[in-house]
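The values are calculated or read from the model by the stated rules, or taken from the named source; none is laboratory data. Here the structure is a predicted model, which means the values were calculated and not measured. Note that each Cβ is placed from the backbone with ideal geometry, even for glycine, and that neighbours are counted across all protein chains shown. Calculation scope for accessible area: heavy atoms of the full protein, side chains included, ligands and nucleic acids excluded. Shrake-Rupley method; radii C 1.70, N 1.55, O 1.52, S 1.80 Å.
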Amino acid sequence: MAQKVKYKEIKYKEKTTWKKEAVLLPGYLVVSLWCLFTFLVIGWIILASFSTTKEIFSDTMFATGLHPENYVKALFTHNVSKYFMNSLIYTLIACTGIVCVAAPAAYVLARFVFRGNKLLQSLFIAALGIPAIMIIMPLFSVITSMRLTNSRMVLILLYICINVPFTIFFLITFFKTLPYDFEEAAAIDGCGPMKTFWVIMLPLAQPGIITVTIFNFITVWNEYFMALIFANKTELRPVAVGLYSMVQSMRYTGDWAGMFAAVVIVFLPTFILYLFLSEKVIAGVTGGAIKG
Amino acid sequence: MKKNKVMMVTFLVPAILSYLLVFLYPTMRTTFMSLFYVENITDSVLKWRWVGLGNFKTLADSTLFMQALKNISLIWLWGGVGVFLLSMLFAVILTSGVKGKSFYRSIIYLPNVVSAVAMGTMWMQYVYNPKFGLFKKVFEFLGLKKLAEVQWTAPEMLFAALVIAYSFGMVGYFMLIFMAGIERIPPDYYEAATMEGASVVKKFFSITLPLLKDVIRTNIVLWSISAVGFFIWSQIFSPLNPEPSTVTPMVYMYQLVFGNNMVVTDRNVGAGAAVGVILTVIVVVLFAITTIVFRDDKIEY
């Protein structure tokens, strides 16, 4: 046994030699090229957003220096600042709401045995496969007949309800991994089950909740279809729908530099979030998909 | 125990209510509505006119809808082949002990965190631009005159351009899931194979691929769901009056029920509901097929 371990150690050290790296060279090349392409696209868009339309077309970017006024124009003349605030409001409230609804439910489904538990779990999982088109028409007719279209609250409520199944699904696996000792100890000390959840279990589940919330943040921030149908008014539009309508209008006015500035503004928040938290985001994807 | 019951009910009720409100009730109503002629989306059930399978017949007779179905099948097939090959290749490369793995992984996944509208605009207005586009520049630099002259945004190339741009972003997503699957495979398997002198290719086909069966299945289901819901990219690639080559069933439904342009003239919400039912059936059938094809029970290590 001891010998085997030794052998492993030697082999491990060998891994970092030149020969090993040379074998991996084609692999490095492929992924590097792919990443280079991504960098080129994003880098060029950022450069172009500081340039002028004329310079972009004549391939003489920055001949007349930097043009930050593209951003001023996009933010204020084209209402991007308004769309941005809308998105921020929708995303922050919806993400909080999703956790408030999904976490308690996931906790009960993960830790208590009762009749119908399996059925409820399968129902929530099935929701992940229902195309948006199946739910949009009845929702629209109900919301219109209640005269609630173009309301922030309705859109936020929809965002919460739509993202609850995925969040429950994600958090169930998370709550299952927590030890049972805490609940038992709390029960012996006379702590009620509700209090146990809010005071003991929820803080313990924090890492899982943060991961799934970052994931939800990106989903809600980028959501397009629901907003297109339920909030298609300048004052209510989130960034995705706002950018779309702006791109269309800028194609007619021919303001390409302004259009690229708007793209950068829309792209920035999730990009920065990702820059700092990419490990968490990635954990959210794999944690959600691998069990299904 | 009684306390526990009260807690369980209070904790579950909001989630169940939200489910009934946004998933169960609408799905049932849409299914029901697909059997009626409904002129206006806000019409009450009393105004609906029973047509049985008439809406499905109308759709089958509509060339645009059939084109839309063909389009998503082609997106599913060609995009799927490209995305699965590339994401599997990247996953294998990044799990083979390269340095800077998490850096590469983050960059390749990046398009998925950015708004699809922003990504689509970058492709459509920059990468494919016939004047200053990246594709033109790169192909010119490489001396590939023919490729540099391709008009990506012309109607006959638009569909290919759409599939390429869409698939580019999806590669990162499926790569992550493949990577997680590969990392679950115990390293001893590979070590034993290496000691026996197995090549990289042999190891991939004899160890990685067979053990990834259930991950591949998950990915096929996820890819199918995303292909069925294909919408934003079509809108970006062909705004205003949709080009037939970019119309997907979702776009068709949108025009039929909410749209205000000339492509779909006859407004029938029931037919829109029928589109939804068809798409759901497609997802369920694909799910069933993958379950049968990949019947192998769960692998335990």
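Potential lengthening of the chain between B:T31 and B:A198 amounts to 54.7 nm, from the contour at 0.36 nm per residue minus the alpha-carbon distance. Placing dummy labels 7 Å off each Cα toward the beta-carbon, the span from B:T10 to B:S206 is 6.1 nm. Highest GNM mean-square fluctuation among A:K233, A:K20, A:K118, for chain A modelled with Cα contacts below 10 Å: A:K20. Computed FRET efficiency, Cβ-Cβ of A:L88 and A:T60, R0 35 Å: what is it to the nearest 0.05? Efficiency at R0 = 35 Å is approximately 0.40. 3J(HN,Hα) couplings calculated from phi for segment A:101-110 with the Karplus curve 6.51 cos²θ - 1.76 cosθ + 1.60 (θ = phi - 60°) are, in sequence order, 8, 7, 4, x, 5, 4, 4, 5, 5, 7 Hz; Gly and Pro show x.
Amide hydrogen proximity for B:Y37: with H placed 1.01 Å from N in the peptide plane, the residues at 5 or more positions away or on another chain lying under 5 Å are B:R49, B:W50, B:V51.
For segment B:197-204, backbone phi angles converted through the Karplus equation (6.51, -1.76, 1.60; θ = phi - 60°) give residue-by-residue couplings of x, 6, 7, 4, 4, 4, 4, 4 Hz, Gly and Pro being listed as x.
Counting pairs of alpha carbon atoms under 8 Å apart in space and at least six apart in sequence, what relative contact order in percent does chain B give? Intermediate results must be reported in sequence, preceding the final value.
Working: 303 pairs, mean separation 84.5, N = 301.
So the answer I get is 28 percent.
Using a Gaussian network model of chain B in which every pair of alpha carbons under 10 angstrom is joined by a spring, one finds that among B:F231, B:F139, B:F11 the greatest mean-square fluctuation is at B:F11. A Stokes-Einstein calculation at 37 °C with viscosity 0.692 mPa s, built on the Kirkwood radius of segment B:41-293 over Cα pairs, returns a diffusion coefficient of 158 µm²/s. Across all directions, the average flat footprint of the convex hull enclosing the Cα atoms of chain A is 24.8 nm². In nm, to one decimal, how far is the modelled label at A:K118 from the one at A:V142, with both set 7 Å along Cα→Cβ? Computed distance between label sites A:K118 and A:V142 equals 2.9 nm. A probe of 1.4 angstrom, applied to the heavy atoms of all protein chains, finds A:C191 with accessible area near 40 square angstrom.
Take each uninterrupted DSSP H stretch in chain B, measure its Cα extent along the helix axis, and return the ones at 30 Å or beyond whose mean Kyte-Doolittle hydropathy is at least 0.0. Could you put the intermediate results ahead of the total?
On the way: long enough: B:155-184 (45 Å, 1.39); B:269-293 (36 Å, 2.64).
In chain B, the long hydrophobic H runs are B:155-184, B:269-293.
Residues in segment A:144-186 near a label at B:N40, defined as backbone nitrogen under 17 Å from the 7 Å Cα→Cβ point? Zone members listed by number: A:144-149.
Which of the peptides B:129-135, B:70-76, B:167-173 is most tightly packed, and how do the rest follow, going by the mean number of other Cβ atoms within 10 Å of each residue? Walk me through the intermediate numbers first.
Numbers: B:129-135: 16.6, B:70-76: 18.6, B:167-173: 22.3.
The most tightly packed comes first, giving B:167-173, B:70-76, B:129-135.
Across A:V30, A:V108, A:V199, mean-square fluctuation computed from a Gaussian network of chain A (C-alpha pairs under 10 Å connected) peaks at A:V30.
Over segment A:77-289, what relative contact order in percent results from Cα pairs under 8 Å that are six or more residues apart? Please report the intermediate quantities before stating the final value.
Details: 180 pairs, mean separation 72.2, N = 213.
Computed value for segment A:77-289: 34 percent relative contact order.
I need the calculated FRET efficiency for the pair B:Q151 and A:E235, taking r as the beta carbon distance and R₀ as 45 Å, to the nearest 0.05. Computed FRET efficiency for B:Q151 and A:E235: 0.70.
Grab the alpha carbons of segment A:143-217, take their convex hull, and tell me the volume per residue in Å³.
Cα-based convex hull of segment A:143-217, divided per residue, equals 113 Å³.
When the alpha-carbon atoms of segment B:59-205 are used, the pair Rg, Dmax equals 19.4, 62 angstrom.
In this structure, A:M153 and B:V138 have a Cβ-Cβ separation that, at R0 = 56 Å, corresponds to a calculated FRET efficiency of about 0.70. Calculated on the alpha-carbon coordinates, the convex hull of the protein assembly as shown measures out at 193 cubic angstrom per residue.
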